[in-house]
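The values are calculated or read from the model by the stated rules, or taken from the named source; none is laboratory data. Since this is a predicted model, take the numbers as computed values, not measurements. Cβ placement follows ideal geometry from the backbone for every residue including glycine, while neighbour counts extend to all protein chains displayed. Side chains included, ligands, DNA and RNA excluded: accessible areas come from the protein's heavy atoms. Shrake-Rupley method; radii C 1.70, N 1.55, O 1.52, S 1.80 Å.
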Amino acid sequence: MTIPFERLKSRLLANPKVRTEYDALAPAFEIAAELVSARQRAGLSQSELATKMGTTQSTIARLESGQTLPSTKTLLRFAKATGSKFQIRLSAA
């Protein structure tokens with residue numbers, strides 16, 4: 001029997017320890033989602049973006065997966081290559 005993803009996710013997140021770890025990963029995944037959106041808005045493949053940035057497709061894939069947190073320098077290069085404006089915003093919790 002297969003459990004639908006959302007039901008499994010709800011069940012797992014009911015555990016306070018799992019919820020804490022999940023919430024701690026949210027910022028990295030928000031950055032990754034923004035990177036994917038910027039690349040897609042620019043109409044670039046990962047390979048095309050990598051060429052524009054002078055890096056490899058696998059590096060772009062790692063950035064977009066949330067496996068690594070990019071440096072400010074990398075984010076600025078990413079923004080320039082995708083024709084995006086780099087912004088940092090801190091808001092009240």
Quiz item: Quick check: is even one residue across segment 60-72 of a type in the set (S, T, N, Q), part of a loop (DSSP other than H, G, I, E, B) and more than 26 Å from residue 23 (Cα to Cα)?
Solution: no
Practice problem: Look at segment 4-36 and say how many of its residues are more than 19 Å from residue 71 (Cβ to Cβ), surrounded by 13 or more Cβ atoms within 10 Å (Cβ to Cβ) and under 20 Å from the mean Cα position of the chain (by Cα). | Solution: 2
Exercise. Please go through segment 53-88 and pick out each residue that is open to solvent by less than 70 Å² (accessible area, probe 1.4 Å), of a type in the set (A, V, I, L, M) and under 15 Å from the mean Cα position of the chain (by Cα).
Key: 60, 61, 63, 75, 79
Quiz prompt | Single condition residue 47 does not satisfy, out of (1) outside any helix (DSSP H, G or I); (2) at pLDDT 95 or above; (3) surrounded by fewer than 15 Cβ atoms within 10 Å (Cβ to Cβ) | solution = (1)
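Is one or more of the residues making up segment 28-35 of a type in the set (A, V, I, L, M, F, W, C), touching a residue at least 24 places away in the same chain (Cβ under 8 Å), in a helix (DSSP H, G or I) and closer than 13 Å to residue 81 by Cβ?
In the first step, residues of segment 28-35 are kept if they are of a type in the set (A, V, I, L, M, F, W, C); the result is 28-29, 31-33, 35.
Going one step further and asking which of them are touching a residue at least 24 places away in the same chain (Cβ under 8 Å), we end up with 28-29, 31-32, 35.
This time we only want the ones that are in a helix (DSSP H, G or I), so: 28-29, 31-32, 35.
Then drop every residue that is not closer than 13 Å to residue 81 by Cβ, which leaves 35.
Checked against the condition, which is being of a type in the set (A, V, I, L, M, F, W, C), touching a residue at least 24 places away in the same chain (Cβ under 8 Å), in a helix (DSSP H, G or I) and closer than 13 Å to residue 81 by Cβ, segment 28-35 yields at least one hit.
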